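Step one of this worksheet: look at the structure below.
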Amino acid sequence: MPWTPPSRPSRRSLLAGAAGAAGAALLTGCSDGSGPPDADTAVPLERRMRGTAVRDSERLLERYDATAAAHPALAARLAPLRSAVAAHVGALAVAGPAASRTPNGPLPSASSS
């Protein structure tokens, strides 16, 4: 006996469609298209991303320090990880409007090699 499609949509397909429509409405939101209110368009995206990465890494350094203080037996095991994060902060730290600095001074430019 051949299968015949139902004459009306199933409850499951209606619920799935409603959920999809609600999700689309949430994704589009009620925006006027101006972007996030705290986005500073005068600062380039790369600088904002670099600043966020530096802040996140600095928070991670604080967590490593707090963990080592609370659990001194772990300090030696955490030291290499903390050192790598500190190097990451130093490499990404933004100093001034255009220059990036490492702990030893400005990053070398590509043309100075």
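Descriptive notes on the structure:
- Residue match in the stretch 66-74 (condition: closer than 16 Å to HIS88 by Cα, at pLDDT 70 or above and among the hydroxyl-bearing types (Ser, Thr, Tyr)): no
- Only a single item in (1) on the phi < 0 side of the Ramachandran plot; (2) at pLDDT below 65 is not met by GLY33, and it is number (1).
- Taking each residue of the stretch 66-92 that is over 23 Å from VAL54 (Cα atoms) and looking for partners that are in a helix (DSSP H, G or I) with beta-carbon atoms closer than 8 Å, six or more apart or interchain, yields LEU74/THR67; LEU74/ALA68.
The values are calculated or read from the model by the stated rules, or taken from the named source; none is laboratory data. Every value quoted in this text rests on a predicted model; they were computed, and no experiment measured them. Ideal geometry is used to build each Cβ from the backbone, glycine not excepted, and the neighbour counts take in all protein chains shown.
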